[in-house]
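Colleague: Can you keep this structure in mind? I'll have questions shortly.
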Amino acid sequence: QVQLAESGGGLVQQGGSLRLTCSGSGSIFRFNAMGWYRQTPGRQRELVATLTGAGVAWYGDSVKGRFTISKDAAKNTAFLQMDNLQPEDTAVYFCNLIRWWQNDYLAQGPWGQGTQVTVSW
C-alpha cells in the first residue's frame, strides 16, 4: 500500500520561505502524477500544485509565481518550495498521488498527517 509522509512545515514570517518534502514508499513518483494540497479548519482541501509523471507542473492562482513543485523520483520524494509566504498560506499541507478524472484531479492514496505551515505578520 502506498504510504506518504509530509515534512518541512513550521512557523515563518511573512515573506519567508519553506521547503516541504513528501516521502513516498516505492517508486511511486516515477510515473504517477502527484499533487500538494492544503487545508484550513472548516474548509475543504485545496489543490495548490500538481506535477505529472512527465514533469509538467500546474499551480493554483493563489500560489502561482511563489511556489515550485518538483520531485526526485530516484529518492521517492517530492517537494514544494514556497517563497514569499503570506499569512493566507497558513494551513496544513498534504501530498498525494492524483489522477485526472472527468475534468478534475482526484487524490488516489491514503492521506498522511500533513505538515503545518504557519505564516505570521
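The values are calculated or read from the model by the stated rules, or taken from the named source; none is laboratory data. Because the structure is a prediction, the values reported are computed rather than measured. Note that each Cβ is placed from the backbone with ideal geometry, even for glycine, and that neighbours are counted across all protein chains shown. When the accessible area is computed, the model is the full protein with side chains, heavy atoms only, and any ligands, DNA or RNA have been set aside. Shrake-Rupley method; radii C 1.70, N 1.55, O 1.52, S 1.80 Å.
Colleague: Using a 7 Å offset from the Cα along the Cα-to-Cβ direction at both residue 13 and residue 102, what is the distance between the two label points in nm, to one decimal?
Modeller: For residue 13 paired with residue 102, the spin-label model returns 4.8 nm.
Colleague: While we're on this one: In the chain, carbon and sulfur make up what percent of the accessible area (probe 1.4 Å)?
Modeller: Answer for the chain: carbon and sulfur cover 48 percent of the accessible area.
Colleague: Can you tell me what the convex hull of the Cα atoms of the chain projects to on average, as an area in nm²?
Modeller: Mean projected area for the chain: 7.2 nm², to one decimal.
Colleague: Where the centroid of each part is defined by its Cα atoms, how far is the range 7-29 from the range 44-115 in Å?
Modeller: After rounding, the separation between the Cα centres reads 10 Å.
Colleague: Considering only protein heavy atoms, with the full assembly of protein chains and a 1.4 angstrom probe, order 66, 43 by accessible area, largest first.
Modeller: In descending accessible area the options line up as 43, 66.
Colleague: Just reorder 111, 121 by solvent-accessible area, largest first, 1.4 Å probe, all chains present.
Modeller: Highest to lowest solvent-accessible surface, that is 121, 111.
Colleague: Follow-up question, since we're still on this one. Write down the accessible area per residue of the range 38-121 in Å², having rolled a 1.4 Å probe over the full set of protein chains.
Modeller: 56 Å²
Colleague: Place a +1 charge on the Cβ of each Lys and Arg in the chain and a -1 charge on the Cβ of each Asp and Glu, then give the dipole magnitude about the Cα centre in debye, rounded to the nearest 20.
Modeller: It comes to approximately 240 debye.
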